[in-house]
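Since the structure comes first, as C-alpha cells, the remarks are kept for the end.
Bear in mind that the values in this text are calculations on the coordinates, not laboratory data. Quick caveat: nothing in here was measured; it's all calculated off a predicted structure. As a convention, Cβ positions derive from the backbone with ideal geometry for all residues, glycine included, and neighbour counts pool all protein chains shown.
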Amino acid sequence: SRVAVLISGRGSNMAALIYASRAEDCPYEVAMVTGDKPDADGFEIARAEGVATEALNARELGASYWTRLQQLLEAASIDLVALAGFMRIIPEEFVAKWDGRMVNIHPSLLPRHKGLKSHEACLAAGDKFSGATVHLVSPDVDGGEILGQVEVAVLSNDTPDSLAERVLIAEHQLYPDTVIRYLNRTRDFDWITNKVGELAL
Ligand code: GRF
C-alpha cells in the first residue's frame, strides 16, 4: 500500500512510519510526505530518507489547499493517509473522500482527553495511565473508530513534558504497528465502496 504522511511539525511519528516501512515484510511504503506548513522540521528528515515531499502552504493557498492536496494524493495513487502531528481541522468533504483510509495518532487513551493539551488534562484528572491511540479519522475530531491503543503509566512527579516524552516513545511503536495490522486485516478492503470484504484467512 502507498501511504502519505501529513505533518505540521517535528515529524517524529512520520520518521517512525518511514523506518518501520523498511522491514522486509512491511505491507506499506511511505510514498509521500506532505503537510500544511512548508517549514515543518519533518520535511528535512523525509528528504534525507529519500521520501518524496510536497510542501504545501495552507495559509497561502486558503480554500484551494484541500483541492490541491487531494490532487497530489490522487496523482501519487495514495491508498492510506496517515496524519502525524498534522495540526489542521479537516473539512468534512475531505474526510468523507478518505473514509476508512485516513488514520491519526493522538497522545491519550481516547475517548479520554480529546483535542490539544491532552497531557495537561491527563495530569489534572489524576489519571494513573495515559497512552496513545491510533484511530480512523471521522468528522468527529479525535472521535473515529479506534484501531490501536497502548497504555503508559503516569509517574507521581510527571509534568506534561515528561509524560509527553514517554508517550511519544509508545507512539513510535504503536503507529507503524497499527497501520500494518489495519492494512493486513483489510487486505480485501474495497477502496471504491469503502467496505471490508470477507477476510481470506
Ligand atoms: C504527537 O504527540 C502526536 O500524537 C500528536 O502530535 C505529536 C506530533 O509529534 N498528534 P511528531 O510531529 O510526530 O513528532
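Descriptive notes on the structure:
- Placing +1 on each Lys and Arg Cβ and -1 on each Asp and Glu Cβ, with no other charges, gives region 2-192 a dipole about its Cα centre of roughly 100 debye.
- Karplus (6.51, -1.76, 1.60) ³J(HN,Hα), θ = phi - 60°, over region 14-27, in Hz, Gly and Pro reported as x: 4, 4, 4, 5, 5, 4, 5, 5, 8, 5, 4, 9, 6, x
- Once the Cα gyration tensor of region 2-192 is diagonalised, semi-axes √(5λ) in Å: 26, 18, 17
- Computed lengthening from Asn184 to Arg47, 0.36 nm per intervening residue step minus Cα-Cα distance: 46.6 nm
- Aspartates and glutamates with Cα under 12 Å of Lys37, excluding same-chain neighbours fewer than 8 positions away: Glu54, Glu60
- Potential lengthening of the chain between Asn57 and Asn157 amounts to 32.0 nm, from the contour at 0.36 nm per residue minus the alpha-carbon distance.
- GNM on the chain, alpha-carbon springs under 10 angstrom: the most fluctuating residue among Gln149, Gln71, Gln173 is Gln71.
- FRET E, pair Arg68, Ile146, Förster distance 30 Å, beta-carbon r, rounded to 0.05: 0.50
- Most fluctuating residue given options Ala121, Ala170, Ala75, as computed from a GNM of the chain linking Cα atoms under 10 Å: Ala75
- Integer Hz, Karplus 6.51/-1.76/1.60 couplings in order for region 156-162, x for Gly and Pro: 5, 9, 5, 10, x, 5, 5
- The stretch between Asp79 and Asp39 holds 11.8 nm of extra length on full extension. This uses 0.36 nm per residue minus the Cα-Cα distance.
- Within the listed set Leu80, Leu17, Leu69, the Gaussian network model of the chain (springs between alpha-carbon atoms below 10 Å) gives the highest mean-square fluctuation for Leu69.
- Each residue of region 52-63 is assigned a 3J(HN,Hα), and the resulting list reads 5, 10, 9, 8, 7, 10, 5, 5, 6, 6, x, 5 Hz, derived from the Karplus form 6.51 cos²θ - 1.76 cosθ + 1.60 (θ = phi - 60°), x at Gly and Pro.
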